[in-house]
1. For the range 2-41, compute Rg over Rh where Rg is the Cα radius of gyration and Rh is the Kirkwood radius from the inverse mean 1/r over Cα pairs.
2. If you add up the charges near Leu9, with Lys and Arg at +1 and Asp and Glu at -1, over every other residue whose beta carbon is less than 15 angstrom from its beta carbon, what do you get?
3. Peptides 7-17, 23-33: what's the order by average Cβ count within 10 Å, highest mean first?
4. Please give the length that would be gained between Asp6 and Leu38 if that part of the chain were fully extended, namely 0.36 nm times their separation in residues minus their C-alpha to C-alpha distance (nm, one decimal).
5. Would you grab the residues whose amide H sits under 5 Å from the one on Leu14? Only those 5+ places off in sequence or on another chain, please, with H modelled 1.01 Å from N.
6. For the range 8-19, what does the Karplus curve 6.51 cos²θ - 1.76 cosθ + 1.60, with θ = phi - 60°, yield as ³J(HN,Hα) per residue in whole Hz, taken in order and with x for Gly and Pro?
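What follows is calculated from the coordinates using simple rules that are stated; it is not laboratory data. The shown structure was predicted, so the numbers you read here are calculated from the model rather than taken from an experiment. Heads up, the Cβs are rebuilt from the backbone with ideal geometry, glycines too, and the neighbour counts pull from every protein chain shown.
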Amino acid sequence: MRIVEDVYLIGGGLYGVGISNDLDCNVFLVDGESEMALEALQHMELPRMM
């Protein structure tokens, strides 16, 4: 899934593309033409403290 020019969401769970386990991190591909980079980010909700 293209996010912005040259940045793609290529994997992830519930908060991403939903192609793996719900708690899996989101995986992004950054296309630098001659080089590419992968970035994995975890987005988890923290329990609300009362």
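1. Taking Rg over the Kirkwood Rh, I get 1.03.
2. Numbers: positive: Arg2; negative: Glu5, Asp6, Asp24, Asp31, Glu39.
So the surrounding residues net to -4.
3. With the highest mean Cβ count within 10 Å placed first, the list reads 7-17, 23-33.
4. Details: separation 32, 0.36 × 32 = 11.52 nm, distance 1.19 nm.
Full extension of this stretch gives 10.3 nm more.
5. Sorted by chain and number, the residues that satisfy this are Asp22, Leu23, Asp24.
6. 10, 8, 10, x, x, x, 4, 9, x, 8, x, 9
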